[in-house]
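Peer 1: Here you go, one structure.
The values are calculated or read from the model by the stated rules, or taken from the named source; none is laboratory data. Please read all numbers here as calculations on a predicted model, not as lab measurements. So basically every Cβ, Gly included, is an ideal-geometry build from the backbone, and we count neighbours across all protein chains shown.
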Amino acid sequence: MNFINVENLSKHFGQFRALNDINFSVAAGRSMAIIGPNGSGKTTLVRCLLGLLAPSEGTADIAGLPYDPRHPSRVGYLPEERGNFQRDTPLDVIRLFGKLRGLSHSDATSQAYDYLDEVALTAQARVPIQTLSNGQQQKIHLGVTFIGNPDLLVLDEPTRGFDPINQAIFKTFLQRQLREGTTLILVTNQMHEVEELTDHVLFLRNGDQYFVGEVEDARQKLGGRRTVLTYTGELPAKAQQWELKALEKGTVLMDSQHELRSANQMLQQLLSAGVNVTDFNTRLSSLDEIFVGVYGETGQFGDLN
C-alpha cells in the first residue's frame, strides 16, 4: 500500500515554474531520497507534500488525503530552516512537540529523556538551548522530529553540522526507525546517506523530474559500469580508444558505459602490451559520480528516453 502519492504535481509562482509534472509514490515503511542542486525544487516539493504550499496543479497525498499541517501527529518534519527555541531547554521543547503529537505529559517526558540519553544530552536536558553547540542543537531539532514515533519522517539535510561520530549515531537511530516501519522522505545531497538510508531516489533538475526509481536502478540507468585500473609503466597508444580518464598518477577510469566483456578485452590487451596491471576492478557508478554527471557543467549523461 502506498503511503505517499504525488500525481502530476506542478507549482508556479507567477511566470516561474518551480515544479513541473512530478509523479511518484512511496509505499508504507519504505524510504525515498529527493536530491538535486539548490534551486531544483526539493524544498518546494516537500512544502507541497506537507500542505505548507498549495500545488498549482496535481495532487500530493499522505495516507490517501492531502496533509493538514494543523494535525501533526502522523508526520515528523525537520525543515531546512531550523526553529528558534534558544531560551528554552531541550526537555521542554521536545516534550512540547510530543504533546502536540498526542502524547500525555508523562509519556512525552519519558520519550524526551530516552532520546536525550541516547544522544548523550541528558546532562543538558534543563539548560538553555542557546548554550549548546551547533551539533547539540541539531540533535534537539531531530528529537523534536522523532518524538511520538510519527508514521512519516520528512528530513531536510538532517546531518548538517554533524561530525562523523554524530552522523553515525544519527544513522543508527534512523535505521532503527526504518526497521520499525517508519516511512522516510530524505532531502539531501550527501550521496552516502542516500545509499545507506533509502531504497528509492528522485532526481530533480530545474523543477523537472529527471529520474525516479530504486537506488540500484539509478546506478544502472544513469551510470552503468565503470572500470578502474591501476598500473605501472606506460599505456600503449591504443589505450586512447578506451576513453580513459586519469584519476591520479598510475590510476585511470574507463568512463564510458560498457559491457563487462569490454573491460576484460581491455585488460587482455594491456597485459599483452606488457603493462604491469596492479589492480583492476569493474563496478557500478557511485551516486556521487552520477550526481556530478547529471548536474555538473560537463555532465556526460544525457537525458533518459
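Peer 1: Scan region 64-81 and give yes if some residue there is surrounded by fewer than 17 Cβ atoms within 10 Å (Cβ to Cβ), in a loop (DSSP other than H, G, I, E, B) and hydrophobic (A, V, I, L, M, F, W, C), otherwise no.
Peer 2: So far as region 64-81 goes, no, none of its residues is surrounded by fewer than 17 Cβ atoms within 10 Å (Cβ to Cβ), in a loop (DSSP other than H, G, I, E, B) and hydrophobic (A, V, I, L, M, F, W, C).
Here's the yes/no breakdown for (1) touching a residue at least 40 places away in the same chain (Cβ under 8 Å); (2) buried (at least 20 other Cβ atoms within 10 Å of the Cβ); (3) over 30 Å from F3 (Cα atoms):
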| position | (1), (2), (3) |
| --- | --- |
| D88 | yes, no, yes |
| S104 | no, no, no |
| D107 | no, no, no |
| N134 | no, no, yes |
| F146 | yes, yes, no |
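Peer 1: Can you name every residue in region 275-288 that is touching an Asp or Glu at 6+ places or on another chain (Cβ under 9 Å) and either closer than 30 Å to G39 by Cβ or surrounded by fewer than 17 Cβ atoms within 10 Å (Cβ to Cβ) (or both)?
Peer 2: Listed by number, the residues that qualify are L284, S286, L287.
This table checks each residue for (1) at pLDDT 90 or above; (2) part of a strand (DSSP E or B); (3) charged (D, E, K, R); (4) out of contact with any helix residue (DSSP H, G or I) (no Cβ under 8 Å at 6 or more places or on another chain).
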position	(1), (2), (3), (4)
G135	no, no, no, no
K139	yes, no, yes, no
G143	yes, no, no, no
L174	yes, no, no, no
G181	yes, no, no, yes
L186	yes, yes, no, no
E196	yes, no, yes, no
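Peer 1: Going residue by residue through region 53-61, is there one that turns out to be closer than 21 Å to F146 by Cβ and in contact with an Asp or Glu (Cβ under 8 Å, 6 or more places away or on another chain)?
Peer 2: no
Peer 1: Just checking, which of V127, V154 is of a type in the set (V, I, T), under 15 Å from the mean Cα position of the chain (by Cα) and outside any helix (DSSP H, G or I)?
Peer 2: Step by step, each of V127, V154 is checked, and only V154 is of a type in the set (V, I, T), under 15 Å from the mean Cα position of the chain (by Cα) and outside any helix (DSSP H, G or I).
Peer 1: Can you say whether G29 is out of contact with any Lys or Arg (no Cβ under 7 Å at 6 or more places or on another chain), crowded, with 22+ Cβ neighbours inside 10 Å and under 30 Å from Q175 (Cβ atoms), as far as the supplied structure shows?
Peer 2: Judged against the criteria, G29 is not a match.
Peer 1: When you scan region 233-304 for strands (runs of 3 or more DSSP E) that lie fully inside it, which ones turn up with 3 or more residues that are modelled with pLDDT of 80 or more and touching a helix residue (DSSP H, G or I) at 6+ places or on another chain (Cβ under 7 Å)?
Peer 2: 276-284
Peer 1: Of all residues in region 94-115, which are assigned to a helix (DSSP H, G or I), among the hydrophobic types (A, V, I, L, M, F, W, C) and at pLDDT below 95?
Peer 2: Answer for region 94-115, where residues must be assigned to a helix (DSSP H, G or I), among the hydrophobic types (A, V, I, L, M, F, W, C) and at pLDDT below 95: L96, F97, L100.
Peer 1: Take G58 and tell me if it is surrounded by fewer than 16 Cβ atoms within 10 Å (Cβ to Cβ) and touching a residue at least 40 places away in the same chain (Cβ under 8 Å).
Peer 2: No; evaluated as a whole, the condition is false for this residue.
Peer 1: Moving to a separate point now. Between a first residue in region 215-234 that is touching a residue at least 60 places away in the same chain (Cβ under 8 Å) and a second residue that is part of a helix (DSSP H, G or I) and of a type in the set (V, I, T), which pairs have beta carbons less than 8 Å apart while being 6 or more apart in sequence or on different chains?
Peer 2: So the pair list comes out as V215/V194; A218/I290; R219/I290; L222/I290; L222/V294; G223/I290.
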